[in-house]
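Engineer: Can you read through this structure? Questions will come right after.
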Amino acid sequence: MAEPVFPRLTFHGAARAVTGSCHRLETASGTILIDCGMFQGSKTEKELNYRPFPFKPSAIDAVLLTHAHIDHSGLLPKLVHDGFDGVIHATAATADLAGVMLPDSAHIQAMEVRHLNRRRARWQDQDITPIYDDNDVKRCLNQMRGHGYGDWFTVLPGVQARLWNAGHMLGSASVELEVMIPGHHTPMRVLFSGDIGPAYKLLHPDPEGPSGVDYLICESTYGGTDRPSASVDMRRLLLRDEVKAAMRPDGVLLIPSFAVERAQELISDLTRLMADGDLPEIPIYVDSPMASRATEVFHRHSRSLENGPAFDRALHAPQLNFTHDVEDSKALDYVTGFHIIIAASGMCEAGRIRHRLKRWLWQDAATVLFVGYQANGTLGRILQDGARIVRIQGDTYDVRARLRSIDLYSGHADGPELDAWIAARGPISGALFLTHGEEPPMEALAARIAPRLAETPVLRPVLDEGFDLTPAGPRANTQAAEPRIRPEQVGRLDWHNDVSKLFLDLNESLSTTTDEKSRNVLIRAVRRALDDWSETHGG
């Protein structure tokens, strides 16, 4: 008798890192992707977006999308462009939000590539092309199918799925799969967490999920964080204090924000604080076309939100303004008096926040308030880690603005909340895979849950690593191809970051040196080090 065909799970993203979520599940009746997200962070990781997929897109039979954030959905149009023609299953709200986020992603790529190609032309480098365009996005959106929470639907013959509220953002879901294995009478139950929300989300109920699964694939973004005093009221108080501390005549509070969910929460809290008299009336500008369109989607789905009526009221606050075009955005450079600008992207990797930073980062009257996770290698993390000089789109800027952070706007559960959510999914008979986390929080979560799981293996896969999911436990796929980049390059700064920091440090040292003689000594020392290296390495 032939050996049964067990499901094979391969991790093509968010493996010991927090972006590029993409899990491939091969079954006896076909192959499924759970998410197909874009990589962010170091240039080494972002270059993966331009490289071929580590599988044949035309061989993928269906996709299950946990939510619309770009690190989970951003490469779906590329998948379609490269040959995928199957159905993309998601909640109805996720399909609606993808209709906002994916066109915006294509637009940002087109702008960023035009800017980059102008720089490459100066070095006589070849032009690069965007990862995908508007036509790819339209085809992708036409392949989406919306489902309600709790409704079983067929993905492939012998494979059915059910979506559970993940509490992370509008439409977010955990994906439960029942997979029939030839020769076995009961299906294997596999649960993908997606991104799990915290207990104090303003607009959504607490995350849910089934119990008694065979395999659980769970995020670990904040696995090492404990927010003991977290609540909506505490969050508003912290925001109030940060706004008051930022107030300067003709100053600004810049809030880099994800355009979907985070921006809507900030709108709700800021207008509520002003309506209650906890803050004076301050102009609020939402400088993100995507945030404006996403807010319309939230308005359409307001009946499904926990505080839908309050959110609808916030949208009519007199202090709230949306920029609708490029001219509106440019006009913000001339606003006088203290004001607040909410702009995407949340990690400062693209979008209008970069223009706002170029305008304000070097000024003492500005405050930059981070309200979300900043992945390693992103401009947001570099600023958050205390850089005094940064490069934005090829130009150098001193950092003189105040830099502040509030962790309570995170859309992710903390360590204790993840621990409780995982415990409620038990007993887990096969294994727990931890994903979507950098190594320190992932290891902290593994240590936290270890006593509870007894004999259940807790695995931390690396990029492109695969496992056969058998009833007796996971087996490593020894036939897997080499990973596209080495595990130690994932979720870390790379040589591009090191070179950029070296140039910035050298420029700062030359600028702050008071006499010509000292500058010449420094330049000669650098030149001597380069010459010595060239001689040693045959350059």
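The values are calculated or read from the model by the stated rules, or taken from the named source; none is laboratory data. Fair warning: this is a prediction, and the values are worked out from it, not measured in the lab. Cβ placement follows ideal geometry from the backbone for every residue including glycine, while neighbour counts extend to all protein chains displayed. Quick note on the areas: whole protein, heavy atoms, side chains included, nothing else; ligands and nucleic acids left out. Shrake-Rupley method; radii C 1.70, N 1.55, O 1.52, S 1.80 Å.
Engineer: For region 8-23, enumerate the residues that are basic (Lys, Arg) and either surrounded by fewer than 22 Cβ atoms within 10 Å (Cβ to Cβ) or within 17 Å of Gln479 (Cα to Cα) (or both).
Structural biologist: Arg8
Engineer: Could you please give the count of residues in region 243-261 that are touching a residue at least 40 places away in the same chain (Cβ under 8 Å), open to solvent by 10 Å² or more (accessible area, probe 1.4 Å) and assigned to a helix (DSSP H, G or I)?
Structural biologist: Of the residues in region 243-261, 1 are touching a residue at least 40 places away in the same chain (Cβ under 8 Å), open to solvent by 10 Å² or more (accessible area, probe 1.4 Å) and assigned to a helix (DSSP H, G or I).
Engineer: Continuing with the same structure: Only one residue in Ala199, Ala291, Ala230 is surrounded by 22 or more Cβ atoms within 10 Å (Cβ to Cβ) and either modelled with pLDDT under 95 or in contact with a Gly (Cβ under 9 Å, 6 or more places away or on another chain) (or both). Which one?
Structural biologist: After ruling out the rest, the residue left standing is Ala291.
Engineer: Something else now. Does Leu216 meet the test of being assigned to a helix (DSSP H, G or I) and of a type in the set (A, V, I, L, M, F, W, C)?
Structural biologist: Answer is no for this residue.
Engineer: Consider His72 carefully, then state whether it is modelled with pLDDT of 95 or more and crowded, with 20+ Cβ neighbours inside 10 Å.
Structural biologist: When the stated conditions are applied, His72 passes them.
Engineer: If I ask for residues that are more than 29 Å from Thr435 (Cβ to Cβ), in contact (Cβ under 8 Å) with a residue 24 or more places away in the chain and acidic (Asp, Glu), which ones from region 224-242 would you list?
Structural biologist: Across region 224-242, the qualifying residue is only Glu242.
Engineer: For Arg391, are the conditions met, namely being in a strand (DSSP E or B), basic (Lys, Arg) and open to solvent by 20 Å² or more (accessible area, probe 1.4 Å)?
Structural biologist: Yes, satisfied.
Engineer: If you don't mind, there's one more thing I want to ask. Please count how many residues of region 93-144 are farther than 22 Å from Phe53 by Cβ and of a type in the set (D, E, K, R).
Structural biologist: 9
Engineer: In addition: Restricting the search to region 159-182, which residues are touching an Asp or Glu at 6+ places or on another chain (Cβ under 9 Å), under 25 Å from Thr470 (Cα atoms) and open to solvent by 10 Å² or more (accessible area, probe 1.4 Å)?
Structural biologist: Gln160, Arg162, Trp164
Engineer: Inspect region 76-88 for any residue being in contact with a strand residue (DSSP E or B) (Cβ under 6 Å, 6 or more places away or on another chain), surrounded by fewer than 24 Cβ atoms within 10 Å (Cβ to Cβ) and either touching a residue at least 12 places away in the same chain (Cβ under 8 Å) or part of a helix (DSSP H, G or I) (or both) and give the result as yes or no.
Structural biologist: Within region 76-88 (the criterion being in contact with a strand residue (DSSP E or B) (Cβ under 6 Å, 6 or more places away or on another chain), surrounded by fewer than 24 Cβ atoms within 10 Å (Cβ to Cβ) and either touching a residue at least 12 places away in the same chain (Cβ under 8 Å) or part of a helix (DSSP H, G or I) (or both)), the answer is yes, since at least one residue qualifies.
Engineer: I would also like to ask the following. Restricting attention to region 513-529, does a residue exist that is at pLDDT below 75 and over 30 Å from Arg51 (Cβ atoms)?
Structural biologist: yes
Engineer: Just one of the numbered conditions (1) assigned to a strand (DSSP E or B); (2) surrounded by 24 or more Cβ atoms within 10 Å (Cβ to Cβ) is not true of Glu26; which one?
Structural biologist: For Glu26, the exception is condition (2).
Engineer: Is it the case that some residue within region 317-332 is in a helix (DSSP H, G or I) and crowded, with 22+ Cβ neighbours inside 10 Å?
Structural biologist: No - not one qualifying residue is present in region 317-332.
Engineer: If you go through region 36-51 one residue at a time, do you hit one that is under 30 Å from Pro182 (Cα atoms), at pLDDT 95 or above and assigned to a helix (DSSP H, G or I)?
Structural biologist: no
Engineer: Given the criterion touching a helix residue (DSSP H, G or I) at 6+ places or on another chain (Cβ under 9 Å), open to solvent by less than 60 Å² (accessible area, probe 1.4 Å) and among the polar types (S, T, N, Q), identify the matching residue among Ser220, Ser211.
Structural biologist: Exactly one of Ser220, Ser211 is touching a helix residue (DSSP H, G or I) at 6+ places or on another chain (Cβ under 9 Å), open to solvent by less than 60 Å² (accessible area, probe 1.4 Å) and among the polar types (S, T, N, Q), namely Ser220.
Engineer: If you don't mind, there's one more thing I want to ask. Would you confirm, using the coordinates I've provided, whether Val5 is more than 14 Å from the chain's Cα centre (by Cα) and open to solvent by 30 Å² or more (accessible area, probe 1.4 Å)? Explain how you work it out, then say what you get.
Structural biologist: Working: more than 14 Å from the chain's Cα centre (by Cα): yes; open to solvent by 30 Å² or more (accessible area, probe 1.4 Å): yes.
The answer is yes for Val5.
Engineer: Somewhere in region 397-417, is a residue of a type in the set (D, E, K, R) and open to solvent by less than 10 Å² (accessible area, probe 1.4 Å)?
Structural biologist: Yes, region 397-417 contains a residue that is of a type in the set (D, E, K, R) and open to solvent by less than 10 Å² (accessible area, probe 1.4 Å).
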